[in-house]
Amino acid sequence: MPRDSYGRDIHYLRISLTDKCNMRCVYCMSEDMVFQPTEDLMTTAEILRLVNLFARLGIDKIRLTGGEPSIHPDLIPIVRGIHAAGITRSSMTTNGLHLADLAQPLKEAGLERVNVSVDTLDPERFHRVTRWGHLDKVLAGIDAAEAAGLTPLKINAVVARGFNEADVVELARLTLTYPWQVRFIEMMPFGDVAGFAQSATISQAEIMQRIEAELGPLHPIDEARLDGEARLYRLDGARAAVGFISTVTNPFCASCSRVRLTADGHLRLCLLRDDEGDLLTPLRRGATDDQLEALIRNLIWRKPWGHGLPDGVIPLDRLMSQIGG
Ligand code: SAM
Ligand code: SF4
């Protein structure tokens, strides 16, 4: 397993299959977003070649993301290829619009589970946050994912002031009825949506206060120690946890075990730092597997300790949708 210069074992890869999306969430991209030309993005064969190299290096967990991974025309063959590479811990983060049709084929192709992003349970506000999304389709997708066994299912919600801060209560209430972990993600600043992210951020403390005022105490699970990237709590009588991913105010850099492959084939070493290494150009120029493996190992070695937001260093080169959140 590759190790970075701080001694962290890196065994988790997130792959952005495409920077394109069928929604336009206010905190993620502008409505007139310009995407990268398709020829600049990894082909399916290139994705799977890199997946096999990462598997050989010791990566044992992969998440597909984007952009919206479910609009990739080869999503099912890619999932099959990941499984064939020996990686059984595979998941996908999706906006859920296509899940109703894709859940069963994804499970059959070897996908283990999904995270679905739902920022509010109010159809009109959902449309306002996502611009192009339809809540009913997403909820149908969640039902299909559960029926197909893409579980344990997790719901991701980004909270933006002026959009959905009041909705955190109804989202947290889901955990009383369903076995779905509901995670509140702190907004992060990227590129030209950085200003919005910084002005509309809501603290974990405020979200907790809103939930507790309506639903009672949130009890820390395992002293709210990190479970992956989330700190977990539970409401009395709940079937699942409420999680907080507070990357900006409460970072989890010390236990970070991941790197990201951007849709255009760059290895992104930290979500919130622009430092990357290009894998696609050497691959297209005929690099051997051994050469690519050495390149990946060297890049991972130089993974930075953590993000620089407290020092005012904001990632400007890319948006979340290109990196793969
Ligand atoms: N399209 C898929 C989705 O929305 O689930 C996958 C890609 S999306 C970039 C992955 C996750 O990043 C989503 O849960 C989304 O809400 C979150 N996200 C997007 N922009 C963000 C930002 N500026 N700060 C924090 N989270 C963000
Ligand atoms: Fe698309 Fe996901 Fe970004 Fe929303 S958060 S615009 S669904 S990539």
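Each peptide among 108-114, 202-208 gets the average number of other Cβ atoms lying within 10 Å of its residues, and from highest to lowest they stand as 108-114, 202-208.
Rounded to the nearest 10 degrees, the angle from helix 289-301 to the longest Cα principal axis of the chain is 50 degrees.
Please give the calculated 222 nm ellipticity per residue for the chain, where each DSSP H segment of at least 4 residues contributes -39500 (n - 2.57) and the sum is spread over every residue; nearest 500 deg cm²/dmol?
Details: 11 runs with 107 residues, N = 325.
That comes out to -9500 deg cm²/dmol.
The shape of the range 12-322 can be summarised by an equivalent ellipsoid whose semi-axes, obtained from the alpha carbon gyration tensor, come to 30, 22, 19 Å from longest to shortest.
For the chain, what does the relative contact order come out to in percent, with C-alpha contacts under 8 Å and a separation of six or more?
Numbers: 683 pairs, mean separation 71.6, N = 325.
22 percent.
Listed as lacking a disulfide-compatible partner in the chain: Cys21, Cys253, Cys256, Cys270, by the criterion of no other cysteine Cβ under 4.7 Å.
Scalar couplings 3J(HN,Hα) for the range 231-238, obtained by applying the Karplus form with A = 6.51, B = -1.76, C = 1.60 to θ = phi - 60°, are 9, 9, 9, 9, 7, 4, x, 6 Hz; x denotes Gly and Pro.
Using a 10 angstrom cutoff on alpha carbons, build the Gaussian network for the chain and name the most mobile of Arg63, Arg297, Arg268. Top of the fluctuation ranking is Arg297.
Axis of helix 168-177 versus longest Cα principal axis of the chain: the two differ by about 90°, to the nearest ten degrees. Near Val159, the amide H atoms lying under 5 Å from its own belong to Ile185, Met187; only residues 5 or more places off or on other chains count, and H is placed 1.01 Å from N. As a ratio to 2.2 N^0.38 Å, the alpha-carbon radius of gyration computed for the range 177-325 takes the value 1.26. Backbone geometry of the range 214-229 corresponds, through the Karplus equation with coefficients 6.51, -1.76 and 1.60 at θ = phi - 60°, to 3J(HN,Hα) couplings of 9, 10, x, x, 9, 8, x, 9, 6, 6, 6, 5, 5, 10, x, 9 Hz, x marking Gly and Pro. Phi angles across the range 98-112 convert, under the Karplus curve 6.51 cos²θ - 1.76 cosθ + 1.60 with θ = phi - 60°, into 3J(HN,Hα) values of 9, 5, 4, 7, 9, 4, 5, x, 5, 4, 5, 7, x, 5, 7 Hz, Gly and Pro given as x.
Laboratory data are not the source of any read-out in this text; all were calculated from the coordinates shown. Since this is a predicted model, take the numbers as computed values, not measurements. Reconstructed Cβ throughout: ideal geometry from the backbone, glycine too, with neighbour counts over all protein chains shown.
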